[in-house]
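A quick write-up on the structure given underneath.
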Amino acid sequence: MSWPIKPLGELVENCNAKRVPLKQSERDGRTGKYRYYGASGIIDFVDDFLFDGDYLLIGEDGNNLLSRTTPIAFHASGQFWVNNHAHVLKCNGKVDLGFLAYYINSINLEPYITGSAQPKLNKKNLDAIKIPLPPLEEQKRIAAILDKADVIRQKRKQAIELADEFLRSVFLDMFGSDLVRPSDRVSFGDVSILDAKMVDPREEKYLDLLHIGPDRIQKRSGKLLPALTAREEMLISKKFLFDAEYVLYSKIRPYLRKAAIPDFSALCSADMYPVKPVKDKVTREFIWMLLLSDLFDNYVGSLPDRANIPKLNKKELAAFEFSLPNFEKIKKFSDVVKKANYKKSKMEESFRLAVCSFNALSQKAFSGQL
């Protein structure tokens, strides 16, 4: 089926001029009701709004433009704020917003992206993206079909998020009161070891190991994102070598709560601490959830900020104090985490299959085969 092709710039009104970025310090401690959007969706809630209505937001910069770990085009409605990392578009009546969002998320945008170290989709290239334009009613029909398919995809995703919330709840139920007892106080340095060695990633034996940087850990959940090898990244500076005995913790911007428990050997950035638990005192799973906890976050929040990029040094990490729970109780929690993470891996596989099915349906939709 042949549909007319139009450049995106002819189908939308660009509203970027109204965007205003907010510094982290302007958002910290607030409990606003208005969504604050960035390149990959909602990143915070603020006390005021800039936009009111139905808009399409498209990520303007960041690695997600190429990796596409999350959609780069998303519908924003109602009252909200947008920073300067997402294009803000209003449809002019020639194209359905849902149809347009699904189409943008289905295509390869690499020809329109500039920069490799800092990928960017500028306004000129955005406007040039070619959009197939069936009749408006057909656009709405396609969007409705994809909406139904997307429900399945989103339910799989929500199940994964609930699994993360389950572990946080179990940790709080098991240790919430134990960790703040006045007795049995220990410091983090008493129960952990930072002994990972630094290696040269250019050596042959390390070249094909994955490299995990802070950007490869999802904030708050601890999920490890796809990563490249030392060879693929052409690394030259020394990196930490870790294995499945360690917890990875990002010392950069600690308020993001980035900690992970890898089940493999790899390299990690010097912006990370590979943390090993002291045997018979704590476990990896306990350390992992402790670093993601509100208790640790509150401790980090009480420390003085660095100039521009907050960073937690070894002394500050080691000085964190809490009450040490009974080791048998800690081991029980670890068993819960292992079982939950196994189930979560199955959910993630189910989610990947749902994504593949959705993508196949999208290809049929935009080639006129639905």
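The values are calculated or read from the model by the stated rules, or taken from the named source; none is laboratory data. For clarity, every value in this text was computed on a predicted model and none was experimentally measured. A quick note on method: Cβ atoms are made from the backbone with ideal geometry, for glycine too, and the neighbour counts reach across all protein chains shown. In case anyone asks, the SASA skips ligands and DNA or RNA and just uses the protein heavy atoms, side chains included. Shrake-Rupley method; radii C 1.70, N 1.55, O 1.52, S 1.80 Å.
Grab the DSSP H runs of the chain that are 4 residues or longer, score each as -39,500 (n - 2.57), total them, divide by all residues and round the 222 nm result to the nearest 500 deg cm²/dmol.
The per-residue figure over the chain is -11500 deg cm²/dmol.
Defining a contact as two alpha carbons under 8 Å apart and six or more residues distant in sequence, what relative contact order in percent does the stretch 54-129 show?
Once normalised by length, the contact order is 39 percent.
Starting at the first residue of the stretch 194-210, write each ³J(HN,Hα) from the Karplus equation 6.51 cos²θ - 1.76 cosθ + 1.60 with θ = phi - 60°, in whole Hz, x for Gly and Pro.
Running phi through 6.51 cos²θ - 1.76 cosθ + 1.60 with θ = phi - 60° gives 10, 10, 5, 8, 8, 10, 8, x, 7, 5, 3, 6, 10, 4, 9, 7, 5 Hz.
Residues with beta-carbon under 15 Å from that of Glu203, excluding Glu203: net charge, scoring Lys, Arg +1 and Asp, Glu -1? Don't skip to the answer; put the middle values down first.
Working: positive: Lys197, Arg202, Lys205, Arg231, Lys238, Lys239; negative: Asp200, Glu204, Asp208, Glu233.
The answer is +2.
Jot down the per residue volume, in cubic angstrom and as a whole number, of the convex hull over the alpha-carbon atoms of the stretch 1-154.
Dividing the Cα hull volume of the stretch 1-154 by its residues yields 126 Å³.
Only sites in a loop by DSSP and with at most 16 other Cβ atoms within 10 Å count here; which chymotrypsin sites (Phe, Trp or Tyr not before Pro) in the stretch 1-52 make the cut?
In loop regions of the stretch 1-52 (DSSP not H, G, I, E or B), the sparsely surrounded chymotrypsin sites (Phe, Trp or Tyr not before Pro) are Phe49.
Sort 260-266, 149-155 by the packing proxy (mean of other Cβ within 10 Å over each peptide's residues), most packed first.
Per-residue Cβ counts within 10 Å, averaged per peptide and sorted highest first, yield 260-266, 149-155.
Of Met198, Met272, Met234, which has the most accessible area with a 1.4 Å probe, and how do the rest follow in descending order?
Met234, Met198, Met272
Taking Cα pairs under 8 Å and at least six residues apart, what relative contact order does the chain come out at, in percent?
Dividing the mean separation by the residue count of the chain yields 16 percent.
Along the charge dipole of the chain, pointing to its positive end and built from +1/-1 on Cβ of Lys, Arg, Asp and Glu, which listed residue (Ser362, Ser323, Ser67) has its Cα farthest out?
Ser362
Along the charge dipole of the stretch 113-179, which of Leu136, Gln118, Val151 sits closest to the positive end, that is, farthest toward it, with unit charges on the beta carbon of Lys, Arg, Asp and Glu (+1, +1, -1, -1)?
Leu136
Find the Cα radius of gyration of the stretch 1-78, compare it with 2.2 N^0.38 Å by division, and give the number to two decimals.
1.31
Which ³J(HN,Hα) values, rounded to whole Hz and listed in residue order, are derived for the stretch 62-71 from phi using the Karplus coefficients 6.51, -1.76 and 1.60 in 6.51 cos²θ - 1.76 cosθ + 1.60 with θ = phi - 60°, glycine and proline given as x?
x, 5, 5, 4, 9, 6, 6, 6, 9, x
Given the whole protein assembly as supplied and a 1.4 Å probe, what does the accessible area of Ile42 come to in Å², nearest 10?
Taking all protein chains as shown, Ile42 has close to 90 Å².
The stretch 170-190 to the stretch 321-362: how many Å between their Cα centroids?
What the calculation gives is 23 Å, centre to centre.
I want to verify the translational diffusion coefficient of the stretch 324-366 in µm²/s; compute it with Stokes-Einstein, Rh as the Kirkwood radius over Cα pairs, at 4 °C and 1.567 mPa s.
100 µm²/s
For the stretch 209-281, report the % of Cα-Cα distances exceeding 22 Å.
Percent of Cα pairs beyond 22 Å in the stretch 209-281: 17.
Convert each backbone phi in the stretch 98-114 into a coupling constant with the Karplus relation 6.51 cos²θ - 1.76 cosθ + 1.60 (shift: θ = phi - 60°), then list the ³J(HN,Hα) values in order as whole Hz, x for Gly and Pro.
My calculation for the stretch 98-114 gives x, 4, 5, 4, 5, 5, 4, 6, 9, 9, 7, 9, 3, x, 9, 9, 9 Hz in order.
Could you report the chain's accessible area per residue, 1.4 Å probe, as an integer in Å²?
Dividing the accessible area of the chain by its residue count gives 52 Å².
Can you list residues from other chains, or at least 5 along the same chain, whose modelled amide H is less than 5 Å from the amide H of Asp44?
Under 5 Å from the amide H of Asp44 lie the amide H atoms of Tyr36, each far enough along the sequence or on another chain.
Taking +1 at the Cβ of each Lys and Arg and -1 at the Cβ of each Asp and Glu, which of Ile252, Phe286, Phe264 sits farthest along the dipole of the stretch 223-334 towards its positive end, judged by Cα position relative to the Cα centre?
The one lying farthest along the dipole's positive direction is Ile252.
Report the charge-dipole magnitude of the chain in Debye, nearest 20, computed about the Cα centre from +1 at each Lys and Arg Cβ and -1 at each Asp and Glu Cβ.
260 debye
Using modelled backbone amide H atoms (1.01 Å from N, in-plane), which distant-in-sequence or interchain residues come within less than 5 Å of Ala86's amide H?
Amide H neighbours of Ala86, under 5 Å, 5+ apart: Glu60.
Can you tell me the convex hull volume per residue for the chain, based on C-alpha atoms, in Å³ to the nearest whole number? Please report the intermediate quantities before stating the final value.
Details: hull volume 57.8 nm³, N = 370.
So the per-residue hull volume is 156 Å³.
Give me D for the stretch 248-370 in µm² s⁻¹, whole number, from Stokes-Einstein with Rh from the Kirkwood sum over alpha-carbon pairs, 20 °C and 1.002 mPa s.
Stokes-Einstein gives a translational diffusion coefficient of 123 µm²/s.
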